[in-house]
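I have placed the structure first, in the form of structure tokens, so that the comments after it can refer back to it.
The values are calculated or read from the model by the stated rules, or taken from the named source; none is laboratory data. Just so you know, these numbers come straight off a predicted model, no measurement behind them. Cβ atoms come from the backbone with ideal geometry, glycine included; neighbour counts cover every protein chain shown. Side chains included, ligands, DNA and RNA excluded: accessible areas come from the protein's heavy atoms. Shrake-Rupley method; radii C 1.70, N 1.55, O 1.52, S 1.80 Å.
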Amino acid sequence: MGLTAKEYDPKDLPGEFIKTYGGKIEDVRVYASPARINIIGEHIDYNGGKVFPASIDRYLYVAIRKRADSKIIYNDVRFPGTYEFDVNDNFAFDKKNDYANYLNGILSQIKAQGYKLDSGFEILMVSNVPAGGGISSSSALECGFAWAVSETFGFNIDRVEIAKLGQMSEHNFMGVNCGIMDQFIIATGKKNTAEMLDCATLEYEYAPLELGDYRFVVMNTNKVRKLSDSKYNERRSQCEAALKILQDKGLSIKALCELTPSKWEEVKTFVSDEILLKRAKHCVYENQRVLDAVTALRAGDLKKLGSLLNESHKSLKEDYEVTGIELDTLAETSQKQEGCLGARMTGAGFGGCAIALVHKDKVKQFIDNVQKEYTAKIGYAAGFFQCETGDGVTRII
Ligand code: GLA
């Protein structure tokens, strides 16, 4: 194999598959599942908020073929070792199964929904999405795999249901109480657009991502973290606690993001705990920023969009407290650069990635400067790439 994931061309995957498993190349299907950035609307998908993510042109590829027996075999070009299971297994989380847990989690949810695998299957994967890096490598894996299995076995599960399967697998199998944003955009994303998703109703709308001379640059802190190890679930509980206080005081709301900023200012004194107050404030104002960002983008006002990105980062740093020195260094250094309209962390935070909106002629200089300052302060290098939008999960071969 000897290739790094970044150099990998998915056209090579069927050949690699045959080297691994034998048989005929015509029987191999290949699916591409994108990574995502969240432009704005962070940590509010699980608070009934609106979010504005985009699927991007970095993909995880899943090659799949049914088997004649009941064996399930997983291989990944990037990792040594093979995982073997059986369609009749009772899939349960097991730390030693590493990435296979994400796949078994999906199978457990598929089975729980009553779908029957009438044979085993084998897969070979490869990915150009940095693992654990904040652009949702895990959701790309969950949705790519779920879509591949669904199509290969003729279940034809629709895209929204695929997203829900991914989220349920995180909740019930992986132990992360994530929202629906990542799986949703990966299942339903469309090239050249970002998606405005209302997480309270799951209604969604595509907005053309017209950035003129500007591009999104993704910046990876290279600080590896796992959502389950982070304070993600704690943040979610804090929001629930703040919501409960407001409900107990008689507010008839089902989620924090139902509050407008002005309503929030009226009722915030009900929340006396400093921490809960900050968490709820972030949610209410972040939701408003999403609405403002979509309006700005539609009006072609990229400067306004940039300043909303900066405000979002500040709120995630000071009120939601999910950034840390690595993300703050990336975002704040970016914000000072010539040609950069705005920057913020993207995804869960606590490490992972940030995004910056940068003039296309300044991207190189931007990366050089931010890298220099980041390395000097943090002690190791960050990763950078300019991204374009990409389609949601789809069969490519
Ligand atoms: C992770 C979760 C999402 C969302 C973001 C924060 O990516 O999977 O559901 O909550 O964090 O916005």
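So the values come out like this:
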item	result
Three principal axis lengths of the chain [C-alpha, angstrom, descending]	65, 52, 39
Accessible solvent surface per residue of the chain, calculated while the other protein chains remain in place, 1.4 angstrom probe, Å²	41 Å²
Inter-probe distance in nm under a simple model that places probes 7 Å from Cα toward Cβ, at Asp89 and Leu291	4.8 nm
Linear extension gain, Val267 paired with Ala68, 0.36 nm per residue minus alpha-carbon span	65.4 nm
Lys190 accessible area, 1.4 Å probe, all protein chains in place, Å² to nearest 10	100 Å²
Largest-first principal axis extents of the Cα set of the stretch 287-397 (Å)	43, 38, 28
DSSP-defined antiparallel bridges as percent of all bridges, the stretch 216-387, nearest 5	100 percent
FRET efficiency, 1/(1 + (r/R0)^6) with R0 30 Å, evaluated for Asn156 and Lys191 via beta carbons	0.85
Span-rule helices in the chain, defined as complete DSSP H runs reaching 30 Å or more along the axis (Cα) with Kyte mean at least -0.5	274-298
Ellipticity estimate at 222 nm from DSSP helix runs (n ≥ 4, -39,500 (n - 2.57)) divided over the chain, nearest 500	-12000 deg cm²/dmol
Extension gain, Asn172 back to Lys364 (0.36 nm per residue minus Cα-Cα distance, nm)	64.8 nm
Separation of the Leu251 and Glu205 label points, Cα + 7 Å toward Cβ, nm	2.5 nm
Gyration tensor over alpha-carbon atoms, the stretch 216-387, equivalent ellipsoid semi-axes in Å	32, 20, 11
Kirkwood Rh and Cα Rg combined as Rg/Rh, the stretch 293-335	1.06
